[in-house]
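See below for the structure under consideration.
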Amino acid sequence: MKTFFVASYVLCLMVFLCQFSSGQEIVGTIYGTTSDKQSQITLPGVTLVVVAANKTYGTTSDTHGKFQFENIPSGRVSIEASSIGYEKEIFSNIVLNSNKNLFINIELLEKIENIDEITITAFTKDKPVNEFTLTSSRTFTVEESNKYAGSWGDPARMVANFAGAITAGDQRNDIIIRGNSPTGLLWKLDGITITNPNHFGNYGSTGGPICILNNNQLSKSDFFTGAFPSEYGNALSGVFDLKMRNGNNQKHEFMGGMGFNGFEFGAEGPISKEKGSSYMVNFRYTMMDLMSAMGMFEVGGVPKYADISLKIHIPTSKAGTFSIIGIGGKSKIDINDDPDNTTSSESGWTSEMLPSTTVQSGSKMGIIGLTNRYFITKNGRIETTISANYSNSFNVVDSLKNKVAFNFYNENFTETIYSISSKYTLKAGAKNTLQAGITGSLYDFNLFDETYITPIDKFIQGINTNGKTMLYEAFFQSKNRLSKTITINWGLHSQFLGLNNSKVIEPRFGISYNINSKHNINLGYGLHGQMQPRLVYFLQTSNNFENEGYILTNKNLDFTKSHHLVAGSNWSISKNLKLKIEAYHQYIYNVPIEKRASTFSMSNYGASFHNECEDSLENSGLGTNKGIELTIEKYLNKNFYFLFTTSIYDAKYRGSDLIWRNNAFNGNHTMNFLCGYELPIKNDALSINIKFVWAGGKRFIPIDLDKSNNIGEVIYDFNNVYTQKYNDYFRTDLRIAYRKNSKKTTQEWSFDIQNLTDHKNMFTQRYDAERKQLINVYQMAFFPIGSWKIYF
């Protein structure tokens, strides 16, 4: 029946919308800048060619490196940039909407020699934004996060389609990279470190159900899965380095929309056309809360959230370029274990994990940052960032006995990070680029949680502290193009934590060899260190239940450290078809584990949604991750694209009992297949995208049912920690979208179906003491989502 519904909807959508295609010519404007990739200085005289609607348009950049194309037919366009002494850049199949200015920032890489013995064409989609990257990186665009089925416009869910990455579950977007804990990921936005850019983000985690970052405001960005460059530190598994685009500095533009992620409104435009300054702002508010306020359904279990993001871009003639970046979001949900209330389960939030309870949960976050780019010389620049990063998360849990609420757990974690960083980049000729930088971050925190202990009829505090500490980071890296075929990157990253004087020096190295114009092999190594979540350092240990005379047994924990070794091969089979293979080995050490013999390890931190803290930890745990990844990708060409990725891996850890075990994230295998077709209808387009996922089931700690029944509460079998997996995970997502260009507006209607086949994927099991049985908790069921956006 559901399949029939979907097919009928698709057919009706195609028939209805296609009738509105217009015979008039719909056009747009393309403008942008050209610059040297290494030095970032503007490049005049670059030849630019645009191909649109089987027509060719040409121009050159002016003395300031600026260019503009007007009256270009809307739809898919391609742009080629070339200049004497530089490698060619190609942007293929970019969407140009009607009555909208498309901005393109083109960076050209200087050739080592002008005589082309080996011609290497740089396709921009393949090329990382960070030029010091040779291995384990993937560049993505905003269009991909919108296009891929099942992504919800969320960058985190989008990169889960790439080899080596997977989300922790349907309800959240925590990213597991190569079997590592999701807390090993570093989020950055325009040089600013972000602790957790998600609504309902737990303290110490890096994910949540809904991403605060608005993909409409992002530009081309990088995602790293191992052996990342020296610039990045305090991360074990990977880096998500996002870039926010500048607003339109030529005309005012607006957008509005509504969908699963909420109602949103955006505006951008010039502050001064003459000086090239611009603004961009976007606001979003949850749709379900507004529908509830109108009496369409009860609020119980409905998530409430709102967020805002902005960027102000100000070029100056003497002091360089300034940007002000701001992001803020707040979220809250009240979940009641009421059998008559179905709204929570339908929206992805459920009380099944804590039966017979009421839960009030929420979070707040805010970031404000000021960045400056200043050219000291023609080939040398300084980039400085000053930022403040605020985060707060809270949970209040009450038990429901005889329908009377009794409070038994409370937590409230607040942290503000004040940071200043500066890096210097020097282009020392066509062959060499040098970069060095330093960062100082002040962590100001207030951490509190308490649990009611029934035998003594009293709340006991697990953490109750406020204070400050500093983290200092410094790095140096060099890119040397030894020849047209060989490039090496090398450098150092260092960290010092003032809390306990922990320090680490991390060497990084990478080499790339171009066998020919289509085939490249590479090798990368890096030592990476990460501090522990702040609450782990301040877990209180007491010898009695009176909260007197407690000690902080975790305060002197060192950085967890990891050796990354990666070898890869990239083969451009044709202009639009690419094959990539990577093999890796990761050795993790200094992992906090208990001093007494146990199975606990911080390698498994983030496997559940609560903070897994233990006292009396020491840095003697180990871990290993190894695997091989395959990517076959056909870029959008002749209206069709596909992406196939698969990973086979093994992730192990060793606790204080000295036994090697599977870690909580060792699914052993994952496979993604995405494909889509875009049907052009004059200046409009109808696209159909589908995604298939097959992954190893989630590891779990089994429940000993007999022992649990004997004492009436859950007892886990710790002798078999993570030895078992739930059944393999299968999911199919479908996305249908129609883009309509008119003279003054562009509209897009989309319809997404999550879990098209309604496959029951296990999330976890819980023990029901009343029924004396195990209850299966499943992930997201069949879930249709519609959305609409308008640009004007």
| query | Among the residues of segment 268-287, which ones are part of a strand (DSSP E or B), over 30 Å from the mean Cα position of the chain (by Cα) and more than 14 Å from I324 (Cα to Cα)? | reply | S272
| request: Could you list, in sequence order, all residues of segment 547-599 that are closer than 25 Å to L658 by Cβ, among the aromatic types (F, W, Y) and within 25 Å of the chain's Cα centre (by Cα)? | output: F559, Y587
| field | Filtered residues of segment 507-516 (kept if assigned to a strand (DSSP E or B) and either touching a Lys or Arg at 6+ places or on another chain (Cβ under 8 Å) or modelled with pLDDT under 95 (or both)) | value | N514
| request: Starting from segment 24-51, keep only residues that are on the phi < 0 side of the Ramachandran plot and among the aromatic types (F, W, Y), then list their pairs with residues that are at pLDDT 90 or above and in a strand (DSSP E or B) whose Cβ atoms are within a distance under 7 Å, requiring at least 6 positions of separation or different chains. | output: Y31/F67; Y31/Q68
| said: One residue is enough: does segment 613-625 have a residue meeting the conditions surrounded by fewer than 17 Cβ atoms within 10 Å (Cβ to Cβ) and not hydroxyl-bearing (S, T, Y)? | reply: no
| Within the group I194, I175, I212, which residue is of a type in the set (A, V, I, L, M), crowded, with 24+ Cβ neighbours inside 10 Å and out of contact with any helix residue (DSSP H, G or I) (no Cβ under 7 Å at 6 or more places or on another chain)? | I212
| Would you call D650 outside any strand (DSSP E or B) and either touching a residue at least 24 places away in the same chain (Cβ under 8 Å) or more than 29 Å from the chain's Cα centre (by Cα) (or both)? | no
| field | Of all residues in segment 670-715 being in a strand (DSSP E or B) and hydroxyl-bearing (S, T, Y), the one that is surrounded by the fewest Cβ atoms within 10 Å (Cβ to Cβ) | value | Y677
| query | Limited to segment 723-751, what total is found for residues that are open to solvent by less than 30 Å² (accessible area, probe 1.4 Å) and closer than 17 Å to G169 by Cα? | reply | 4
| query | Across segment 552-564, which residue is nearest to T451 (Cα to Cα) among those that are crowded, with 18+ Cβ neighbours inside 10 Å and at pLDDT 95 or above? | reply | L557
| task | Would you tally the residues in segment 517-528 being modelled with pLDDT of 90 or more and not in a strand (DSSP E or B)? | result | 1
| task | Check S39, S98 and return the single one that is modelled with pLDDT under 90, open to solvent by less than 10 Å² (accessible area, probe 1.4 Å) and within 30 Å of F375 (Cα to Cα). | result | S39
| said: One residue is enough: does segment 510-527 have a residue meeting the conditions farther than 17 Å from T135 by Cβ and free of Cβ contacts under 8 Å to residues at least 40 places away in the same chain? | reply: no
| Restricting segment 224-243 to residues that are over 17 Å from K423 (Cβ atoms) and either open to solvent by 10 Å² or more (accessible area, probe 1.4 Å) or not hydrophobic (A, V, I, L, M, F, W, C) (or both), which is modelled with the lowest pLDDT? | G226
| Which pairs have Cβ atoms under 7 Å, sit 6 or more apart or on different chains, and link a residue in segment 319-336 that is farther than 17 Å from Y285 by Cβ to one that is small (G, A, S) and open to solvent by 10 Å² or more (accessible area, probe 1.4 Å)? | D334/G300; I335/S351; N336/G300; N336/S351
| Is it true that some residue in segment 529-551 is touching a residue at least 60 places away in the same chain (Cβ under 8 Å), part of a strand (DSSP E or B), in contact with a Gly (Cβ under 9 Å, 6 or more places away or on another chain) and open to solvent by 40 Å² or more (accessible area, probe 1.4 Å)? | no
| So, in segment 689-715, of the ones that are at pLDDT 95 or above and β-branched (V, I, T), which residue ends up farthest from S181 (Cα to Cα)? | I690
| query | Just for strands (runs of 3 or more DSSP E) wholly inside segment 429-503: which have at least 3 residues that are aromatic (F, W, Y) and open to solvent by 20 Å² or more (accessible area, probe 1.4 Å)? | reply | 458-481
| message | Among the residues of segment 599-619, what is the count of those that are of a type in the set (F, W, Y) and at pLDDT 80 or above? | response | 2
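The values are calculated or read from the model by the stated rules, or taken from the named source; none is laboratory data. These figures come from a predicted structure and were not determined experimentally. Please note: Cβ atoms are built from the backbone with ideal geometry, for glycine as well, and neighbour counts cover all protein chains shown. Remember, those area values only see protein heavy atoms, side chains included, never the ligands or the DNA or RNA. Shrake-Rupley method; radii C 1.70, N 1.55, O 1.52, S 1.80 Å.
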